[in-house]
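What follows is a short report on a single structure.
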Amino acid sequence: MAQQPEQFKDFGLDSRLLTALDHMGFNTPTEIQDRAIPVILTGHDLIASSKTGSGKTLAFLLPAIHRLMKTRALSKRDPRALILAPTRELAKQVYVQLRSLTSGSSINIALVLGGENFNDQIKALRKEPHIIVATPGRLANHLDARSLMLGGLELLIMDEADRMLDLGFAKELNQINEAADHRRRQTLMFSATLDHAEVNEMADKLLKSPKRVAVGAANAEHLDIEKRFYLCDHLDHKQALLQHILATESYQQAIIFTATRPDTERLAALLQEQGLSTAALSGDMSQAERNRIMDSFSRGQQKVLITTDVASRGLDLLQVSLVVNFDMPKQAEEYVHRIGRTGRAGAKGTAMSLVGPKDWDAFKRVERFLQQDIGFVTIEGLAGKFKGIKPAARKFGPKGAANPAAKGAGYKGKASRKPAGKPVKALKDRSDRLPTGTGLGSDDGMAPLKRKKPTSND
Ligand code: ADP
Ligand code: MG
């Protein structure tokens, strides 16, 4: 068993940070905090992973701020720390936490996001903030415009680093790395899912002999989240199931993930018509609109948020107790992140996934990623005909490797999640991961992966 965790005060953190933690009501570090903070405080580079909702933000913010409070700046003008996040909403959330931790100090901070006024950001950067929280595309635009220099950067932190690579930000990350070339720079990478060839490649370039802290495996089951899977025939069937779920489940707030942006609008209108207060959020909206929607949803003004993978990462909305995958995500990791919008900080949540013929390949990828045979549940009166797609006949397939969906289909009650007889090898490369399709999860409407040029939009 893990040792009794230390208290925050045992890390030797600056007293202003302890006061801020006290205001937040946090005394005991979570496991990732307990293990990552001492490593970061020794100055090592770090690659850290732990499940969704386990407190990774404070695990990097606390030691980063501590370092800035306790040491002299390497440069008078350049920012001392840069925190990158894949989406504007997540960057903003990290910024808000940073603000509450630095409010009692002389540390200046700035938020630099795509979709917001470039010239206003230049003005903010002229004030020489010590810490910048940014999305990578816009930050790179500022390097191009020479509105910011990173030669004195002491800390480079990448939250959800794997997602930034998925979204095609490798070029920007390399550019930032080259601009931030101080030999005393410390670099940190955090995510719930970091186990990939591209992440390792990037880490080799950006980090110096990093330490690794992994609390649990990326595919370990999140026990605070109850998962249920439903087989569906077609769109109408999915809509009927969704309506049934929203009418019968008890939940505080729900997030529904769809594959495409037009679907978010259509579904929102449908639910709204039925008297359910619903908002739609997608990456192609104006930033002002995105801000307005997230603000009102986080204040509980809508019961349901319908969105794409733009909201799959990092968002910490404590009232969300239900997540529905109206469509399965193209990448298995996004399943882990989407359902991780609930079950946070020890709270319980429920995640439901609707699996139709078009979702089948994506569903199988999730099943392989989780190394589980996933069973299905049916709702009385709403059972469909689709029973899964049998794998193409395999001559030498192992005995009993028949389509698990066929086994599970029709099962009533809780989804069975028997461990597979033989663990399937974890997917180490992305050969079977589809690139994110148009409208699927890309932050800001940019063509994901191998994007040629950053748009000025980010
Ligand atoms: P992750 O990045 O791992 O998904 P977050 O950093 O967003 O998780 O934290 C999830 C939630 O846990 C947040 O609401 C945060 O305020 C809360 N939290 C973080 N650290 C602690 C702690 N030590 N004790 C209690 N709650 C915490
Ligand atoms: Mg996080």
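Of the helices (runs of 4 or more DSSP H) lying entirely inside the range 132-232, those containing at least 1 residues that are farther than 30 Å from I374 by Cβ, touching a residue at least 24 places away in the same chain (Cβ under 8 Å) and away from ligand 1 (no atom under 15 Å from the Cβ) span 136-144, 170-179, 197-206. Being in the same structural domain as M189 (by TED's automatic domain parsing), within 25 Å of L150 (Cα to Cα), away from ligand 2 (no atom under 16 Å from the Cβ) and buried (at least 20 other Cβ atoms within 10 Å of the Cβ) holds for only one residue in R80, R67, and it is R80.
Within the bounds of the range 106-114, is there any residue that is aliphatic (A, V, I, L, M), within 16 Å of ligand 2 (Cβ to nearest atom) and either buried (at least 24 other Cβ atoms within 10 Å of the Cβ) or in contact (Cβ under 8 Å) with a residue 40 or more places away in the chain (or both)?
Scanning the range 106-114 turns up no residue that is aliphatic (A, V, I, L, M), within 16 Å of ligand 2 (Cβ to nearest atom) and either buried (at least 24 other Cβ atoms within 10 Å of the Cβ) or in contact (Cβ under 8 Å) with a residue 40 or more places away in the chain (or both).
Among the criteria (1) hydrophobic (A, V, I, L, M, F, W, C); (2) under 19 Å from K171 (Cα atoms); (3) exposed (fewer than 15 other Cβ atoms within 10 Å of the Cβ), the one V96 does not fulfil is (2).
Yes/no matrix, rows are residues, columns are (1) under 30 Å from L370 (Cβ atoms); (2) more than 8 Å from ligand 1 (Cβ to nearest atom):
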site	(1), (2)
M24	no, no
T30	yes, no
T42	no, yes
S50	yes, no
G53	yes, no
A59	yes, no
H66	no, yes
P86	yes, yes
A91	yes, yes
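The single residue among R77, R88, R99, R67 that is modelled with pLDDT under 95 and either on the phi < 0 side of the Ramachandran plot or of a type in the set (S, T, Y) (or both) turns out to be R77.
Could you list all residues from the range 89-124 that are among the basic types (K, R) and closer than 17 Å to H66 by Cβ? If you could, list the steps in order and put the result at the bottom.
Kept after step one, since they are among the basic types (K, R), are these residues of the range 89-124: 92, 99, 123.
Passing the criteria: only R99.
Among the listed residues A254, A268, which satisfies the condition of being over 18 Å from V355 (Cβ atoms) and either of a type outside the set (A, V, I, L, M, F, W, C) or assigned to a helix (DSSP H, G or I) (or both)?
Working: A254 fails: either of a type outside the set (A, V, I, L, M, F, W, C) or assigned to a helix (DSSP H, G or I) (or both).
On inspection, the qualifying residue turns out to be A268.
Restricting the first member to the range 41-58 and to residues that are within 20 Å of R185 (Cα to Cα), and the second to residues that are more than 16 Å from ligand 1 (Cβ to nearest atom) and in a helix (DSSP H, G or I), the beta-carbon pairs closer than 6 Å and six or more apart or on different chains are L46/V39; I47/A203.
Does T30 satisfy the criteria of being more than 16 Å from ligand 2 (Cβ to nearest atom), closer than 29 Å to A217 by Cα and in the same structural domain as I176 (by TED's automatic domain parsing)?
On the way: more than 16 Å from ligand 2 (Cβ to nearest atom): no; closer than 29 Å to A217 by Cα: yes; in the same structural domain as I176 (by TED's automatic domain parsing): yes.
Spelling it out, it is not the case that T30 is more than 16 Å from ligand 2 (Cβ to nearest atom), closer than 29 Å to A217 by Cα and in the same structural domain as I176 (by TED's automatic domain parsing).
Among the residues of the range 184-216, the one identified as exposed (fewer than 14 other Cβ atoms within 10 Å of the Cβ) and either on the phi > 0 side of the Ramachandran plot or under 16 Å from the mean Cα position of the chain (by Cα) (or both) is S209.
Charged (D, E, K, R), at pLDDT 95 or above and in a loop (DSSP other than H, G, I, E, B), is that true of K123? It is false that K123 is charged (D, E, K, R), at pLDDT 95 or above and in a loop (DSSP other than H, G, I, E, B).
The values are calculated or read from the model by the stated rules, or taken from the named source; none is laboratory data. Keep in mind it's a predicted model, so treat the numbers as computed, not measured. Ideal geometry is used to build each Cβ from the backbone, glycine not excepted, and the neighbour counts take in all protein chains shown.
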